Amino acid sequence: MASKAPRENIDESKLTLTKPKSKAVGLPAVTNALKMSLEQMGPLRSVQTLLAVNQIDGFDCMGCAWPEHDKRHAAEFCENGAKAVAEEATRRRVTPEFFANHSIAELKQRDDYWLGQQGRLTHPMLLDEGATHYRPIDWEDAFDLMAHELGDMNDPDQAVFYTSGRTSNEAAFVYQLLVRGIGTNNLPDCSNMCHESSGSALVETIGIGKGSVSLKDLETASLIFVAGQNPGTNHPRMLSALEKAKKNGAVIVSVNPLPEAGLLRFENPQTVSGMLVGTQLTDDFLQIRAGGDQALFQGLGKYLLEAETLGRNTPGLSTVLDHDFINSHTVGIDGYLQQIEKVEWDDIIEATGLTLDQIKATGERLLASNATIVCWAMGLTQHKHSVPTLRDVVNVLLLQGNIGKAGAGVCPVRGHSNVQGDRTMGIFEKMPEQFHDRLDHEFGFLSPREHGFDTVAAIRAMRDGKVRVFVGMGGNFVRAAPDSEVTEQALANTRLSVQISTKLNHSHLSTGRRALILPTLGRTEKDTQLTGDQRVTVEDSMSAVHASRGRLKPASEHLLSEVAIVCNLAHRLFTDSSNRALPNKPKAAWLSLRDDYSLIRKHIEAVVDGFDDFEERVQKPGGFILPHPPRDARKFDTVSGKAHFTGNELEYLSVPPGRLILQTLRSHDQYNTTIYGKDDRYRGIHGGRRVVLVNEADITELGFTDGEMVHLISEFQGTERRAENFRIVSYSTPRGCAAAYYPETNVLVPLDSVADTSGTPTSKSVVVRLERAEP
């Protein structure tokens, strides 16, 4: 039997500290995973679900996008994957009676942990204008309300359709078709806030916004950089691949402002030796200043070029640089060389906070490597200069021909389990012309070409009263977005906000004048339609597409799948002859698509590259790999047809006097905005979340003491934002740098502080000051 949900918010007064860990996973991870599974699901349901996670005939874990080998372990999940499954497959329920007993005002006082722990949503619910409580609404009336509001718009761009990366390929494809049928490209998604910088840099430099490596490449690489990433918490199954790489002789260089236990030592719970002995993963730890990664990679490029001038060489070559690759497959190296010659070592040292010896020693690692991979996550993508940073990562790889070579390449590690697949399916505000042409041909209509809103632009438009309807397909938009107070007020300006969700969250409480909660099936649940049980597909971080099929009985008989919700709404909108506002309708058999997802896959096959024989190939165990021209044939779909070196001015954020550069991050008991528990045991933080990690010398210099309570105040263009009552924790972080958990600190991230080119919020470089809190 599952345990009851907590009655109260996290009590921050009970926060305790222990020494940070120097190793990850092992027996504590196993016991924590089982503890949470039993609390949420009970013993029988725990066995039923956990043995199906990431199995060929099971369901894809919603906890991350890390790939699997064809041969699977019986327990093919990590601690945080088990937590994600337990949260979704929980026996706890949020019923109409719950909403009758709790007003919106009361629920707004609850923290993210309390809301998420209440259980699964069971019924569609409506918040009437001016009402204090949600009330039940039947599905037909909910679709009528949405159709009326969408049909009553003066302009299709008055609607915004957000997507979370949990959405399946099939749901994402019909969702974008619905949206473009309405006449807009307003399709912001969670990628806008995380890996948009990766896509922007990679499309420009190698012609495709996806990683170029496979698991085999990672396990056979000579040198692996893990930069701006904490796999022990965010992608624990990645540790197994790094363990194999180490056993095969790889050198691992970790680049991060904080030391992370998962990159120090890994105790693999799936092997006896892993549990008893463990594996040291990191050979070199570069504790870099927040935002200093561009300077590091410019420094590494400079070191390689100096070594070339000295007549040195790398394995398999008579020179340092791979001149055959550069001459045959790249353009732009002269501009890059000019920039690297111009940058001064003193600037590189100041920007990184590293010593010259550390950078040169890392350069020697590159010289000794015949196959190098760079892995990265949010630590590189959420700065103003993130796109130039990633261009410089690519520059270093191109110098030695490390694109389109076994054991080498770029590896952006994505979080949501299908965030990459959603983009492939068309969830993007500016899809290429070829996609639109094929979509138009397949469905006999003219899709809009004007670019739509990304996440930040959507919030600005709502803030300015330009959006009437907001629809969120999964996720927790209010808590994921920057500038929390502005985002909440922006949503309040809409006439109708709609959240398609499995669990209760703050996005159900910060609403438009009217609001709908539409409860949907989870990955773990059986999806039965008119033609029988359905399966969906997802794409992982390494471009593998495979099937996912839930096994559990749905949490409520009133749930609809995401596909069914979209298709029912589209049928209502596009078959209503009185709806003159939507004359340009896709010719799709919406109810047939709802009843048989294989028909959706047939349309995907016609529209999206790489999905030939989709239905046949996805039936094969493990699915199939999508084409990646740079990886497969060193072909680059750029303007020149070659990979692009780029010259990028060095940028970094200087710490103003009396200020710190704050990076927002996850705790170990967290997945994005979902808070599983109260602890961050690897960092030694237990029972609370409102902490700010600060270097001991900075604490003293700023006039504070370890353990003191402070308010965090961010400063941007003359405007201050506040997050109150945080406990200072002395921690190993570079001078001038600090860290605190999101979503509590998203209120500090200015809406208008975004990465150049990509528009990603700068959540890893927020200038803050500490203000002493009154006792």
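Key figures
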read-out: Rounded to 5, the percent of DSSP beta bridges in the chain classed as antiparallel; value: 45 percent
read-out: Positive minus negative residues near His571 (Lys, Arg vs Asp, Glu; Cβ under 14 Å); value: 0
read-out: DSSP bridge orientation in the range 499-614 - percent antiparallel, rounded to nearest 5; value: 55 percent
read-out: Cα gyration tensor, the range 154-208 - rounded (a/c under 1.5), prolate or oblate; value: prolate
read-out: Rel. contact order, % - alpha carbon contacts under 8 angstrom, at least six apart, the chain; value: 21 percent
read-out: Ranking by accessible area, most exposed first, for Glu76, Glu204 with a 1.4 Å probe; value: Glu204, Glu76
read-out: Expected 222 nm ellipticity per residue - DSSP helices of 4 or more, -39500 (n - 2.57), all of the chain, to 500; value: -10000 deg cm²/dmol
read-out: Virtual spin-label span in nm between Asn313 and Ala131, 7 Å along Cα→Cβ; value: 7.6 nm
read-out: Extension gain (nm, one decimal) between Glu140 and Met709, 0.36 nm per residue minus Cα-Cα; value: 199.7 nm
read-out: Out-of-range pairs (alpha-carbon distance over 19 Å; input Lys216/Lys246; Lys384/Lys635; Lys210/Lys642; Lys210/Lys430); value: Lys384/Lys635
read-out: Read-out Rg and Dmax of the Cα atoms in Å, derived from the coordinates shown; its label in (1) 27.4, 86; (2) 48.8, 143; (3) 25.1, 77; value: (3)
read-out: Solvent-accessible area, 1.4 Å probe, carbon plus sulfur percent, for the chain; value: 50 percent
read-out: Relative contact order computed over the range 492-650 (Cα-Cα under 8 Å; 6+ residues apart), in percent; value: 18 percent
read-out: Orphan Cys of the chain, criterion: no other Cys C-beta under 4.7 Å; value: Cys61, Cys64, Cys78, Cys190, Cys194, Cys567, Cys737
read-out: Of Lys4/Lys35; Lys23/Lys244; Lys21/Lys360; Lys302/Lys342, pairs whose Cα-Cα distance is over 21 Å; value: Lys21/Lys360
read-out: Solvent-accessible area per residue, Å², over the range 34-111 with all protein chains present [probe radius 1.4 Å]; value: 41 Å²
read-out: Ranked packing of 765-771, 273-279, most packed first, by mean Cβ within 10 Å; value: 765-771, 273-279
read-out: Among 90-97, 356-363, the order from most to least packed when residues are scored by Cβ within 10 Å on average; value: 90-97, 356-363
read-out: Translational diffusion coefficient (Stokes-Einstein; Kirkwood radius from C-alpha pairs) of the range 458-529 at 20 °C, 1.002 mPa s, in µm²/s; value: 171 µm²/s
read-out: By average C-beta atoms within 10 angstrom, highest first, the peptides 156-162, 620-626; value: 156-162, 620-626
read-out: Beta bridges by DSSP in the range 201-339, antiparallel share as percent, to the nearest 5; value: 20 percent
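The values are calculated or read from the model by the stated rules, or taken from the named source; none is laboratory data. Just so it is clear, the model here is predicted, and its values are computed rather than measured. Positions of Cβ are generated from backbone atoms using ideal geometry, with glycine treated the same way; all protein chains shown enter the neighbour counts. Heads up: the accessible areas ignore ligands, DNA and RNA and are worked out on the full protein's heavy atoms, side chains in. Shrake-Rupley method; radii C 1.70, N 1.55, O 1.52, S 1.80 Å.
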